[in-house]
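Report on the following structure.
The values are calculated or read from the model by the stated rules, or taken from the named source; none is laboratory data. Here the structure is a predicted model, which is why all the values come from computation and not from measurement. Virtual Cβ from ideal backbone geometry, glycine too; neighbours counted across all protein chains shown.
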Amino acid sequence: MDLHQFRHSAFCEKVRLVLAAKGLEANLLEVTPGLGQIELFRLSGQRQVPVLVDGGEVIADSTAIALHLEKRHPLPALLPADARSRARVLLLEDWADTALASGARQALLQAAAADPVLRTALLPEATPDPLRRVVAALPAGLMAPVSEAVGEVLAPCEARQLRRNLEQLAVLVADQPYLEGDRLSLADLAVVAQLSLLQFPGSAGAPLAGRGVEGLADHPLLATLFSWRDRVLAEVGRA
Ligand SMILES: N[C@@H](CCC(=O)N[C@@H](CS)C(=O)NCC(=O)O)C(=O)O
């Protein structure tokens, strides 16, 4: 299998986690933003990552990929057999992929505008060194209005709602190992993937590991949530 990806995309991380949970391996092919996406369009009919090529099948979208893998490799199951439980998993997964994903992405971009280490580490692998240096040297005062202009800033009420939702998640995992039922599911993996944008796990390597969005990555009420995230990563062998 080939996984066309962006290294730092949470949706690609979600697929990598599904592969890891099922003990599967895929060649990770880094897509160059822009030019590489034209190739991706030729391959899949759309330009977003992740795209999985499995034999003759080309599958775009992290949920479609997860469902494809679940069908091809049913064990260990990431979707419960019970219909109600499965419905809760799919609803949670969709919440993680939409509201949580959008809040986490905007919060990270906002944090990166203020943190030169964060924003250079997030640049695509192929970024030439001179451009990296230019990006690192951009003053935060210049970055903020650009982020605002392209709508990539969380309004204070959205930032508050993101924090509250994360606090609710922390309550859910404080005394149970999984978001739904008594085994790992797609809901856990979808949430874990997005949480990695807010506080980068050890596997992100230096200088990203442990860094993240100030006020969330270091929020005392969210410590349980990030420990749960690390435990889930360890369970799929990604600690
Ligand atoms: N619903 C899609 C979302 C995928 C997505 O948003 N991918 C982003 C990277 S995180 C992307 O490819 N962005 C590039 C673009 O839109 O041009 C999924 O679950 O896979």
Determine, yes or no, whether LEU222 is assigned by TED's automatic domain parsing to the domain that holds ALA99, in contact (Cβ under 8 Å) with a residue 40 or more places away in the chain and under 17 Å from LEU118 (Cβ atoms). no
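So, ASP182, is that one charged (D, E, K, R) and assigned to a loop (DSSP other than H, G, I, E, B) or not?
On the way: charged (D, E, K, R): yes; assigned to a loop (DSSP other than H, G, I, E, B): yes.
Taking the combined requirement at face value, the residue satisfies it.
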Is it the case that the stretch 70-89 has a residue that's touching a strand residue (DSSP E or B) at 6+ places or on another chain (Cβ under 9 Å) and either at positive phi or not small (Gly, Ala, Ser) (or both)? yes
I'd like the full set of residues that are within 11 Å of the ligand (Cβ to nearest atom) and either of a type in the set (Val, Ile, Thr) or farther than 17 Å from HIS68 by Cβ (or both), limited to the stretch 1-37. PHE6, ARG7, HIS8, SER9, ALA10, GLU13, VAL15, VAL31, PRO33, GLY34, GLY36, GLN37
Considering only residues that are exposed (fewer than 14 other Cβ atoms within 10 Å of the Cβ) and not charged (D, E, K, R), look in the stretch 158-190 and name the one that is nearest to the chain's Cα centre (by Cα). GLN168
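Could you say which residue among VAL15, VAL58 is surrounded by fewer than 16 Cβ atoms within 10 Å (Cβ to Cβ) and not in a loop (DSSP other than H, G, I, E, B)?
Details: VAL15 fails: surrounded by fewer than 16 Cβ atoms within 10 Å (Cβ to Cβ).
Within the list VAL15, VAL58, the selection yields VAL58.
Yes/no matrix, rows are residues, columns are (1) at pLDDT 90 or above; (2) surrounded by fewer than 20 Cβ atoms within 10 Å (Cβ to Cβ); (3) of a type in the set (D, E, K, R):
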site	(1), (2), (3)
VAL192	yes, no, no
ARG211	no, yes, yes
PHE226	yes, no, no
ARG231	yes, yes, yes
Out of all the residues in the stretch 42-55, which are near the ligand (Cβ under 10 Å from one of its atoms) and surrounded by fewer than 17 Cβ atoms within 10 Å (Cβ to Cβ)? GLN46
Single residue of LEU108, LEU100, LEU78, LEU92 found to be in a helix (DSSP H, G or I), more than 13 Å from the ligand (Cβ to nearest atom) and surrounded by 21 or more Cβ atoms within 10 Å (Cβ to Cβ): LEU92
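Go through the stretch 127-144 and give me each residue that's modelled with pLDDT of 70 or more and either among the hydrophobic types (A, V, I, L, M, F, W, C) or more than 23 Å from LEU35 (Cβ to Cβ) (or both).
Of all residues in the stretch 127-144, those modelled with pLDDT of 70 or more come to 127-139.
Within the stretch 127-144, LEU131, VAL134, VAL135, ALA136, ALA137, LEU138, PRO139 meet the criteria.
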